[in-house]
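Engineer: Structure incoming, see below.
The values are calculated or read from the model by the stated rules, or taken from the named source; none is laboratory data. Just so it is clear, the structure is predicted and the values come from calculations on it, not from any experiment. Glycine gets a Cβ as well: all are built from the backbone with ideal geometry, and neighbour counts include every protein chain shown. Heads up: the accessible areas ignore ligands, DNA and RNA and are worked out on the full protein's heavy atoms, side chains in. Shrake-Rupley method; radii C 1.70, N 1.55, O 1.52, S 1.80 Å.
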Amino acid sequence: TQLLEQSPQFLSIQEGENLTVYCNSSSVFSSLQWYRQEPGEGPVLLVTVVTGGEVKKLKRLTFQFGDARKDSSLHITAAQPGDTGLYLCAGAQGGSEKLVFGKGMKLTVNP
Amino acid sequence: ETGVTQTPRHLVMGMTNKKSLKCEQHLGHNAMYWYKQSAKKPLELMFVYNFKEQTENNSVPSRFSPECPNSSHLFLHLHTLQPEDSALYLCASSQGQALNTEAFFGQGTRLTVV
């Protein structure tokens, strides 16, 4: 059973379009992180959300942590080809030393 | 450049070979990690070291043997691997082991076992 489900798993869109990626779980997380991984590179942290209902913005990226701290979303406005990559969510559970990763959402933004 | 360097970037090895992966971090971090990234699977934590001491072994087979001689260097020694061990092996470091601490990843070693 996958602890963190990401959807969609693949997305190919045109430059300028908007998109939302979801990260869902039946478990509660003390914090949740979003990473982006480009081909041939390691993941790079985009944001950490800690408080239920928290919204963080990073330029054209908007991250939201669910009120119950079981899910999160990433919304990208006016996507650019440079946004292409694998978007990973990772959750931390209190009492566990492990950071659990989702499978990721592979985004391709075509010019 | 994340401050975490992994070598080699690519490695092809036979099932009877012995090889080692190297990771070096220049960030002054105390915790270092090995992750395995396979196609169609989530990132899997393998080992955690904090101040050179192993604090986590996520039920990894003994054909993978980690070594952490100091807080800046981490090795993964490989022997008698199986084809299903082919994957991207990622090293990461963080200032502490707090789960909401940012992890800095290296570029990974793409391992192919033939």
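Engineer: Hey, rough spin-label estimate for B:ASN17 and A:LYS106, points 7 angstrom out along Cα→Cβ, what's it come to in nanometres?
Structural biologist: Modelled inter-label distance: 2.5 nm.
Engineer: How about the stretch A:8-60: which GluC sites (Glu not before Pro) there lie in a loop by DSSP and see at most 13 other Cβ atoms within 10 Å?
Structural biologist: Counting only loop positions with at most 13 other Cβ atoms within 10 Å, the GluC sites (Glu not before Pro) in the stretch A:8-60 are A:GLU15, A:GLU17.
Engineer: At 1.4 Å probe size, with the rest of the protein present, what percent of the exposed accessible area of the stretch B:4-78 is carbon and sulfur atoms?
Structural biologist: 49 percent
Engineer: Hey, any idea what Rg/Rh is for the protein assembly as shown, computing Rh the Kirkwood way over Cα pairs?
Structural biologist: 0.97
Engineer: In the stretch B:21-69, which trypsin sites (Lys or Arg not before Pro) fall in coil by DSSP and have 10 or fewer other Cβ atoms within 10 Å?
Structural biologist: Here the trypsin sites (Lys or Arg not before Pro) that fit, given the DSSP loop and packing criteria, are B:LYS40.
Engineer: Please give the length that would be gained between B:GLN82 and B:ARG9 if that part of the chain were fully extended, namely 0.36 nm times their separation in residues minus their C-alpha to C-alpha distance (nm, one decimal).
Structural biologist: In short, 24.3 nm is gained.
Engineer: What FRET efficiency comes out for the pair B:LEU27/A:THR20, r = Cβ-Cβ distance, R0 = 30 Å, nearest 0.05?
Structural biologist: 0.35
Engineer: Debye sum, Cα scatterers, the stretch A:1-45, no solvent: what log₁₀ I/I(0) at q = 0.19 1/Å?
Structural biologist: Results for the stretch A:1-45 at q = 0.19 Å⁻¹ read -0.85.
Engineer: Just to be sure I understand: if you take the accessible area of chain A alone plus chain B alone and subtract the pair, with a 1.4 Å probe, what total do you get in Å², rounded to 100? Please report the intermediate quantities before stating the final value.
Structural biologist: Numbers: alone 6050 and 6250 Å², together 10600 Å².
Answer for the A-B pair: about 1700 Å² buried.
Engineer: Dipole of the protein assembly as shown, Cα-centred, from +1 at each Lys and Arg C-beta and -1 at each Asp and Glu C-beta, to the nearest 20 debye?
Structural biologist: Its charge dipole is roughly 280 debye.
Engineer: Let me ask you something else. Taking only C-alpha pairs under 8 Å that are 6+ residues apart, what is the relative contact order of chain A in percent?
Structural biologist: Computed over chain A, the figure is 36 percent.
Engineer: Based on the alpha-carbon gyration tensor of the stretch A:22-98 and its eigenvalue square roots a ≥ b ≥ c, which shape applies: rounded if a/c is under 1.5, prolate if not and a/b is larger than b/c, or oblate?
Structural biologist: Because a/c hits 1.5 or more and a/b fails to exceed b/c, the stretch A:22-98 counts as oblate.
Engineer: Mind telling me which of A:GLY52, A:GLY66, A:GLY42 comes out most flexible in a GNM of chain A, alpha-carbon contacts under 10 Å?
Structural biologist: Highest fluctuation among the options: A:GLY42.
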